[in-house]
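The values are calculated or read from the model by the stated rules, or taken from the named source; none is laboratory data. Quantities reported herein were computed from a predicted structural model and do not represent experimental measurements. Glycine gets a Cβ as well: all are built from the backbone with ideal geometry, and neighbour counts include every protein chain shown.
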Amino acid sequence: MRITVLAGGVGGARFLRGVRAAAGPDDAITAIVNTGDDLTLAGLRVCPDLDSILYALAGVNDVERGWGRRDESERASEEMAAWGVGWPWFTLGDRDLGTCITRSHWLAEGVGLAEVVRRLASRWELGVELLPMSEQSVETHVHTAEHGRMHFQEWWVRHRASVPAERFELAGIETATPAPGVLAAIAEADIVLLAPSNPVVSIGPILAVPGIGEALRATAAPVVGLSPIIGGRVVRGMADACLSAIGVATSAEAVARHYGAELLDGWLVDPADAGAAAEGVRVLARPLLFTSVDETAAIARDAIALGLGRG
């Protein structure tokens, strides 16, 4: 089976570990990863979602923080802060900085981001092919009445999404194109899964890349999404602040309607949202908390079964 997953952030990383555990030995998993969180900091290209997923699949991530490498030191970031360079509230560990330096070096040599990701991923046996959504720079900016326009990371990390967002802007999206391999991963998939990542700033940028949304609506493969909302609450993070900014209620049903029946064939919800429905979309209710890799694998298997008409 060829399984394609759209993912971003910590939730996407945890879900992909479950998909990998659920897959058979002959199955192929491809993850199309959000790069709308990316930024240039102190001259280095930082790709938070790609790195979080890379580290999680490699088993070297910091589980407690949910991002970065475990057993990290932060001497380089401390030195940068002493010089007044970078963002003092956006701290990268030393080995994480090593990844960013390596990526920036290859990009400066003219290597495309998809090949850079392949090189970084080749260090470990991931069991998943990672593809950036685009090789062109697409950065999510947040427009606020209080502080004007800011990079998503400043709004998310520094302000913890406490400043009301008026709207989100995907700078560079008009000229972005799908990264090599992305459209084929969608067209040739047997099933496409939307991880329970933030619908607005993780899955949203992927769908906004010209050609990707169209490919998903045209693919013969069923497309199944997993709700990031349980009982009217976000599972983790601050997706509710993002949803309210675009006029979408914090509910499993509202998110399904946001994606739409033209995109979704199936929608996995928690039993707390068993009544959630979107016209034309098959709905399956089952516990959605990622309590362990085994339970996450069971969730992935149910999502696949729903898409293939077995659920």
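Structural remarks
- For region 78-96, the criterion of being at pLDDT 95 or above and closer than 30 Å to Ala184 by Cβ is met by none of the residues.
- Those strands (runs of 3 or more DSSP E) of region 98-153 in which at least 1 residues are β-branched (Val, Ile, Thr), considering only elements entirely within it, cover 139-144.
- In region 291-301, the residues that are part of a helix (DSSP H, G or I) and either surrounded by fewer than 20 Cβ atoms within 10 Å (Cβ to Cβ) or modelled with pLDDT under 95 (or both): Val293, Asp294, Glu295, Ala297, Ala298, Arg301
- Taken over region 30-53, the criterion of being surrounded by 24 or more Cβ atoms within 10 Å (Cβ to Cβ) and among the aliphatic types (A, V, I, L, M) is satisfied by Ala31, Ile32, Val33, Leu50, Ile53.
- Of the criteria (1) without any contact (Cβ under 8 Å) to a residue 40 or more places away in the chain; (2) touching a helix residue (DSSP H, G or I) at 6+ places or on another chain (Cβ under 6 Å); (3) over 23 Å from Pro180 (Cβ atoms), which one Gly66 fails: (1)
- Region 129-154 - residue that is closer than 30 Å to Ala189 by Cβ and acidic (Asp, Glu) and, of those, surrounded by the most Cβ atoms within 10 Å (Cβ to Cβ): Glu135
- Whenever a residue of region 93-104 is closer than 11 Å to Val46 by Cα and among the basic types (Lys, Arg), its partners that are at pLDDT 95 or above and in a helix (DSSP H, G or I), lying with C-beta atoms within less than 7 angstrom and at least six residues away or across chains, give the pairs Arg103/Val116; Arg103/Leu120.
- Flag for Leu170 being surrounded by 17 or more Cβ atoms within 10 Å (Cβ to Cβ) and either farther than 17 Å from Leu41 by Cβ or touching a Ser or Thr at 6+ places or on another chain (Cβ under 6 Å) (or both): yes
For every residue, the table says whether it meets (1) small (Gly, Ala, Ser); (2) farther than 21 Å from Met150 by Cα.
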{"position": "Ala179", "(1), (2)": "yes, yes"}
{"position": "Ala184", "(1), (2)": "yes, yes"}
{"position": "Asp190", "(1), (2)": "no, yes"}
{"position": "Ala195", "(1), (2)": "yes, yes"}
{"position": "Val201", "(1), (2)": "no, no"}
{"position": "Ala208", "(1), (2)": "yes, no"}
{"position": "Gly211", "(1), (2)": "yes, yes"}
{"position": "Ala218", "(1), (2)": "yes, yes"}
{"position": "Ala221", "(1), (2)": "yes, yes"}
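- Only listed residue being in contact (Cβ under 8 Å) with a residue 60 or more places away in the chain and within 22 Å of Gly9 (Cβ to Cβ), chosen from Ala239, Ala303, Ala221, Ala254: Ala303
- The one condition in (1) surrounded by 22 or more Cβ atoms within 10 Å (Cβ to Cβ); (2) in contact with a Pro (Cβ under 8 Å, 6 or more places away or on another chain); (3) within 23 Å of His151 (Cβ to Cβ); (4) not polar (S, T, N, Q) that Leu226 fails to fulfil: (3)
- Qualifying positions in region 154-193 - within 14 Å of Val209 (Cα to Cα), without any contact (Cβ under 8 Å) to a residue 40 or more places away in the chain and either under 17 Å from the mean Cα position of the chain (by Cα) or not in a loop (DSSP other than H, G, I, E, B) (or both): Glu169, Ala171, Ile173, Glu174, Thr175, Leu183
- When residues in region 37-59 are screened for being assigned to a loop (DSSP other than H, G, I, E, B) and under 28 Å from Trp83 (Cα atoms), 5 of them pass.
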